[in-house]
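In what follows, a single structure is set out as structure tokens and then discussed.
The values are calculated or read from the model by the stated rules, or taken from the named source; none is laboratory data. None of the values given here were measured: they were computed from a predicted structure. Because the Cβ atoms are built from the backbone with ideal geometry, glycine has one as well, and the counts that use them run over all protein chains shown. Note: accessible area is taken over every heavy atom of the protein model, side chains too, but ligands, DNA and RNA are not part of it. Shrake-Rupley method; radii C 1.70, N 1.55, O 1.52, S 1.80 Å.
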Amino acid sequence: MKPRITVITVGVDNLEKSLGFYRDGLGLPTQGIIGTEFEHGAVAFFDLQAGLKLAIWARANISHDAGIPLGLQALPSSPSDTT
């Protein structure tokens, strides 16, 4: 089986405003925000092309789901990034 990407997830600070940007600004098709009945579950999906979707999800909810504190900064990718 060949590896492939089917969903790209982007963490956003404001789900409703981001929905407006991707739906109204870029014209991407969506059913809107779903999963609001679940704590930390609200997400919006957009169809990009056959077999590929974009998901926007609140950063706080991604943080909760991944068990990573919100605001945790990435480690430097190389020693020169620390200077």
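Brief remarks on what is shown
- Label-point gap, in nm, between GLU16 and SER63 - each point 7 angstrom along Cα→Cβ: 2.0 nm
- Normalised by the number of residues in the chain, the average gap of Cα pairs under 8 Å and 6 or more apart makes the relative contact order 29 percent.
- A Cβ-based charge dipole, computed about the Cα centre of the chain with Lys and Arg at +1 and Asp and Glu at -1, lands at about 340 debye.
- Among the protein heavy atoms of the chain, carbon and sulfur supply 57% of the accessible surface, probe 1.4 Å, non-protein parts ignored.
- Calculated log10 I(q)/I(0) by the Debye sum over Cα atoms at q = 0.15 Å⁻¹ (choose from [x] -0.74; [y] -0.67; [z] -0.81), label: [y]
- For the chain, the residue among PRO29, HIS64, LEU52 whose Cα projects farthest onto the positive side of the dipole built from Cβ charges is LEU52.
- Packing here is the average count of other Cβ atoms within 10 Å per residue, and on that basis the peptides 25-37, 45-57, highest first, run 45-57, 25-37.
- Spin-label model distance (nm) - ASP24 vs ALA55, 7 Å beyond Cα toward Cβ: 2.6 nm
- Solvent-accessible surface of the chain, taken per residue with a 1.4 Å probe and all protein chains present: 77 Å².
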